[in-house]
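Each remark here refers to the structure printed beneath this line.
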Amino acid sequence: MTSQMVVNIDSKLKEKAMKMAKQEGLTMKALLSFLLKWYVKEEIVIETKISQHKRKEQFNIELEEFSLEEKNIIDSNKILKNAPWELNKLLLAKWI
């Protein structure tokens with residue numbers, strides 16, 4: 001079963017992420033799906049801290065699983081298959 005995901009995000013951040021993803025041969029959908037899967041599998045850890053002086057925001061997020069066709073594309077594409085390792089290197093290098 002799959003579901004759509006709607007996220008409001010800063011336009012400049014989205015633009016930069018789309019540009020970087022495109023250079024790696026990724027779509028934003030694939031990038032976000034990778035990140036969510038790694039997070040759930042605890043292959044990546046994201047730490048956050050919200051200042052007590054800041055208002056906490058609520059986010060409504062729905063997830064969409066990869067289709068069989070998308071899974072086959074990832075498995076058959078060397079760039080996509082290596083994307084988890086490349087993204088980890090980028091995260092470490094840029095401290096994103």
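The values are calculated or read from the model by the stated rules, or taken from the named source; none is laboratory data. The model shown is predicted, which means the values in this text are computed figures rather than measured ones. Quick reminder, even Gly has a Cβ in these numbers, built from the backbone with ideal geometry, and neighbours come from all protein chains shown. For accessibility, only protein heavy atoms count, side chains too; no ligands or nucleic acids. Shrake-Rupley method; radii C 1.70, N 1.55, O 1.52, S 1.80 Å.
So, in segment 20-50, how many residues would count as being assigned to a helix (DSSP H, G or I) and loosely packed, with under 10 Cβ neighbours inside 10 Å?
Keep residues of segment 20-50 that are assigned to a helix (DSSP H, G or I), which gives 20-23, 28-40.
Next, from what is left, pick out any that are loosely packed, with under 10 Cβ neighbours inside 10 Å: 23.
The total comes to 1.
Name the pairs whose Cβ atoms lie under 6 Å apart, with the first residue in segment 12-41 and over 18 Å from residue 78 (Cα atoms), the second open to solvent by less than 90 Å² (accessible area, probe 1.4 Å), and 6 or more positions between them or separate chains?
Filtered contacts from segment 12-41: 18/28; 38/44.
Could you look through segment 4-19, keep only residues that are of a type in the set (A, V, I, L, M) and surrounded by 13 or more Cβ atoms within 10 Å (Cβ to Cβ), and pick out the one that is modelled with the lowest pLDDT?
Let us first name the residues in segment 4-19 that are of a type in the set (A, V, I, L, M), namely 5-7, 9, 13, 17-18.
Applying the additional criterion that residues be surrounded by 13 or more Cβ atoms within 10 Å (Cβ to Cβ) yields 5, 17-18.
Working: 5: 80, 17: 90, 18: 90.
Residue satisfying both the conditions and the ranking: 5.
I need the full set of residues from segment 74-90 which are of a type in the set (S, T, N, Q), surrounded by 11 or more Cβ atoms within 10 Å (Cβ to Cβ) and assigned to a helix (DSSP H, G or I), in order please. Explain how you work it out, then say what you get.
The first filter runs over segment 74-90 and keeps only residues of a type in the set (S, T, N, Q), leaving 76-77, 82, 88.
In the following step, the residues that additionally are surrounded by 11 or more Cβ atoms within 10 Å (Cβ to Cβ) were identified as 77, 82, 88.
82, 88 - these are the residues of segment 74-90 that are of a type in the set (S, T, N, Q), surrounded by 11 or more Cβ atoms within 10 Å (Cβ to Cβ) and assigned to a helix (DSSP H, G or I).
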